[in-house]
Amino acid sequence: MEDMNAILAPGMLVRHPQHEDWGIGQVQSNIAGKVTVNFPNEGKMVIDGTRVALVPVFDA
């Protein structure tokens, strides 16, 4: 399956589509389909980019 998060770069803001309660997270890294995001309400999470399409946030 393709990496749905290939455009995400460090510093970008995102939401997790199944976990709105985590808040708006900041991308820390995006390496080989694994996106590390620091969420204010959940902490640092590693997301599998082939399974979850993170939602970019441009109006935070």
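Worth pointing out:
- Residues of segment 1-52 that are in contact with a helix residue (DSSP H, G or I) (Cβ under 9 Å, 6 or more places away or on another chain) and aromatic (Phe, Trp, Tyr): Phe39 alone.
- Index of the failed condition, Val35 passing every other in (1) at pLDDT 95 or above; (2) in contact with an Asp or Glu (Cβ under 6 Å, 6 or more places away or on another chain); (3) within 10 Å of Asn5 (Cα to Cα): (2)
The values are calculated or read from the model by the stated rules, or taken from the named source; none is laboratory data. Note that this is a predicted model, so its numbers are computed, not measured. Cβ: placed from backbone, ideal geometry, glycine included. Neighbour counts: every protein chain shown.
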